[in-house]
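The values are calculated or read from the model by the stated rules, or taken from the named source; none is laboratory data. Remember, predicted model here, so these are calculated numbers, not experimental data. Methodologically, a virtual Cβ is constructed for each residue, glycine included, from the backbone with ideal geometry; neighbour enumeration extends over all protein chains shown. Side chains are part of the model used for accessible areas, which takes the heavy atoms of the whole protein and leaves out ligands, DNA and RNA. Shrake-Rupley method; radii C 1.70, N 1.55, O 1.52, S 1.80 Å.
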Amino acid sequence: MGERSPPAGRRTRLTSSLMLGQRVREVTLDRERGVLSWRDPPEPRPRRGRRESCAVPTSEIIAVEETELDKKQSSTGKWQKMTKPHAFTVYHVKRARHHCWQCNEATFWCIDEQLCNRWIRALKELLDLQTCRPKHLLVYINPYGGKQQGEKIYQQKVAPLFSLASITTDVVVTERANHAKDNLFEVNLEKYDGVVCVGGDGMFSEVMHGLIGRTQKDCGIDQNNPKAPLVQCNIRIGIIPAGSTDCICYATVGINDPVTSALHIIVGDTQPLDVSSIHRNNTFLRYCVSLLGYGFYGDVLKDSEAKRWMGPVRYDFSGFKTFLSHHYYEGTVSLLPATHTVGLPRDKKYCRTGCRICKQSKQQLEKEHRKYGTEIKGDEEGEWKVIRGKFLAINAANISCACPRSPKGLSPAAHLADGSADLILVRKCSRLNFLRYLVRHTNQDDQFDFSFVEVYRIKRFQFTSKNFEDGDNEGKQTRKKHFGQFCRDHPACCCVLPNSTWNCDGETLDSSTIEVKVHCQLMKLFARGIEKSKCEATCKQLA
């Protein structure tokens with residue numbers, strides 16, 4: 001066992017014969033390509049079968065440590081009389097099924113101490129070049145979200161990995177609603193390389209509102225101005241899933257697994273994310289990154305809020321109840337199409353790691369802004385489309401909104417960072433047809449292939465309820481309020497609720513008339529988007 005000197009012109013490689021377990025491996029570190037690989041050494045008479053090999057990008061090596069190896073572990077008949085072995089362990093990312101990442105380890109050893117130290121030094125030098133990796137993180141844990149396992153998940157599955165990667169943390173266990181949001185307006189963010197939230201979509205929303213709000217405040221931006229060009233947040237957010245749905249984590253990583261999310265944070269992945277701002281009468285209401293739903297999804301959320309004692313099953317119960325009530329809502333939707341995007345809602349070009357559509361759409365949007373001079377003036381350019389009618393659901397999807405129950409999501413081809421959202425209008429139809437539409441979210445059929453469903457890729461939209469179009473009459477609204485309550489208690493009643501509630505990333509928003517604007521790549525996550533599957537990669541090569 002030992003090192004072989006590379007020929008001239010290949011000095012960027014370090015190659016040695018090292019022991020891995022009880023077998024000799026030819027181990028190579030290609031500094032130029034950034035790859036650590038090992039395989040069975042070449043033999044004069046090759047054995048039958050495939051030679052074992054493994055290659056790990058140095059960008060996915062978590063840590064390298066010198067290891068104390070028990071002599072009994074390394075002793076075989078051939079090496080009974082050897083001196084003390086010297087070893088080092090490489091901890092690295094290993095991909096499993098369904099976008100799951102695991103922390104794997106490989107311990108190499110030899111009898112040459114200098115050679116062992118040279119390998120440790122070379123690997124650590126390469127890790128030091130990974131400047132995108134966080135060193136110090138601010139962590140917020142919601143102990144009440146989901147199944148109330150946030151603290152346990154962090155301490156048992158995430159904290160040991162952060163420690164292994166030499167990441168230091170300041171941990172805050174939230175004690176009330178908006179604790180994290182309020183705290184982010186006070187802390188010194190320059191101390192941290194990122195903010196991690198342990199919880200569900202609600203916890204992420206808190207951290208997001210805190211960071212965006214803090215950034216705009218520091219830059220003197222008035223959030224109440226719906227036309228204001230918001231400043232991008234440069235500090236990344238990491239999501240450790242510990243909630244009921246964890247839709248945002250699923251749509252940006254591909255799985256709701258704490259270890260997978262922790263590894264994406266450790267290797268320093270970066271994924272830009274669009275954010276929508278919601279206003280009413282020049283007053284800021286909320287930000288949204290996944291679903292903004294009026295009608296069906298708003299009613300489901302509002303009904304489920306009173307049934308939190310049921311746990312996650314409350315969504316099924318409220319969904320069934322809301323489906324039976326079959327309420328529709330009348331109003332006007334005004335939308336501004338996203339002419340800068342190179343994708344369409346039904347083109348089946350899904351957002352994946354290093355998405356070309358997101359990159360080209362952002363470049364095209366920047367060209368539009370330069371053409372019109374300013375973002376404010378540019379957003380006013382374009383032809384608005386006005387749609388009036390009776391709707392069972394009005395959904396704006398910034399991302400696919402995929403989750404384990406609906407692997408494709410509400411809009412499968414929606415993109416994470418193209419500066420647009422998909423506006424889905426479900427007009428009044430029969431219960432059977434609406435059921436057919438809902439079932440499409442769980443299978444591979446085109447969920448927009450219905451005469452009563454319309455979908456538009458937009459960068460702005462407005463909605464006004466029919467009640468506000470007709471004017472506010474106090475007596476009329478009071479009567480409608482009473483009729484609305486009657487309908488909630490008696491689903492068979494044919495009366496129509498006067499207004500629904502907006503479902504904004506799982507939080508209720510009681511404002512029927514709103515104005516929504518998509519801000520391109522306003523946030524950054526510790527993620528890389530969903531990686532292409534082998535099937536998708538094969539199809540692309542064939543195309």
In debye to the nearest 20, the charge dipole size for segment 285-429, taken about the Cα centre with +1 at each Lys and Arg Cβ and -1 at each Asp and Glu Cβ, equals 460
Row for segment 262-419, column shape: gyration tensor on C-alpha, a ≥ b ≥ c, rounded if a/c < 1.5 i.e. under 1.5, prolate if a/b over b/c, else oblate; value oblate
Rh_Kirkwood(segment 298-337) over Cα pairs, Å, one decimal, evaluates to 11.6
Using alpha-carbon coordinates alone, the radius of gyration and Dmax of segment 155-289 in Å work out to 15.3, 50
Mean accessible area per residue over segment 188-235 (1.4 angstrom probe, all protein chains present, square angstrom) is 38
Residues whose built amide H sits under 5 Å from the amide H of Val171, excluding neighbours closer than 5 in sequence, are Val139
The long-range amide H neighbours of Gly194, using H built 1.01 Å from N in the peptide plane and a cut-off of under 5 Å, are Leu138
Segment 101-169 accessible area per residue, 1.4 Å probe, protein heavy atoms, integer Å², reads 53
Burial-style ranking of 18-26, 520-528, 397-405, average other-beta-carbon count within 10 Å with highest first, yields 520-528, 397-405, 18-26
Expressed as a percent, the accessible surface of segment 408-454 that is carbon or sulfur, using a 1.4 Å probe and the full set of protein chains, is 50
The extension gain from Arg176 to Trp384, computed as 0.36 nm times the residue separation minus the Cα-Cα distance, is 70.7 nm
The farthest towards the positive end of the charge dipole of segment 293-439, of the residues Ile399, Met310, Val386, given +1 on Cβ of Lys and Arg and -1 on Cβ of Asp and Glu, is Met310
Taking 0.36 nm per residue of separation between Thr12 and Asn281 and subtracting their Cα-Cα distance, the length gained on full extension comes to 90.7 nm
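If packing is taken as the mean number of other Cβ atoms within 10 Å per residue, what is the order of 204-210, 265-271, highest first?
For the peptides 204-210, 265-271, the packing ranking is 204-210, 265-271.
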In the neighbourhood of Arg133 defined by beta carbon distances under 15 Å, the net charge of the other residues (Lys, Arg +1; Asp, Glu -1) is 0
Placing each pseudo-label 7 Å from Cα in the direction of the beta carbon, Glu105 and Leu129 end up separated by a distance in nanometres of 2.6
Share of accessible surface on carbon and sulfur in segment 297-372, whole %, 1.4 Å probe and ligands ignored, is 57
For the pair Ser166 and Glu66, the simple spin-label estimate (label points 7 Å beyond Cα toward Cβ) gives in nm 1.4
By the C-alpha gyration tensor axes a ≥ b ≥ c (rounded if a/c is under 1.5, else prolate when a/b exceeds b/c, else oblate), the shape of segment 232-302 is oblate
Zone reached by a paramagnetic label modelled 7 Å from Thr442 Cα along Cα→Cβ, restricted to segment 272-297 with backbone N below 18 Å, covers 297
All alpha-carbon distances of segment 193-271, grouped into 10 Å bins from 0, give the whole-percent distribution 18, 44, 28, 10
Rounded to whole angstrom, the alpha-carbon centroid of segment 196-235 lies from that of segment 259-321 at a distance of 16
If the chain between Leu432 and Leu324 were fully extended at 0.36 nm per residue, the gain over the current Cα-Cα distance would be 37.8 nm
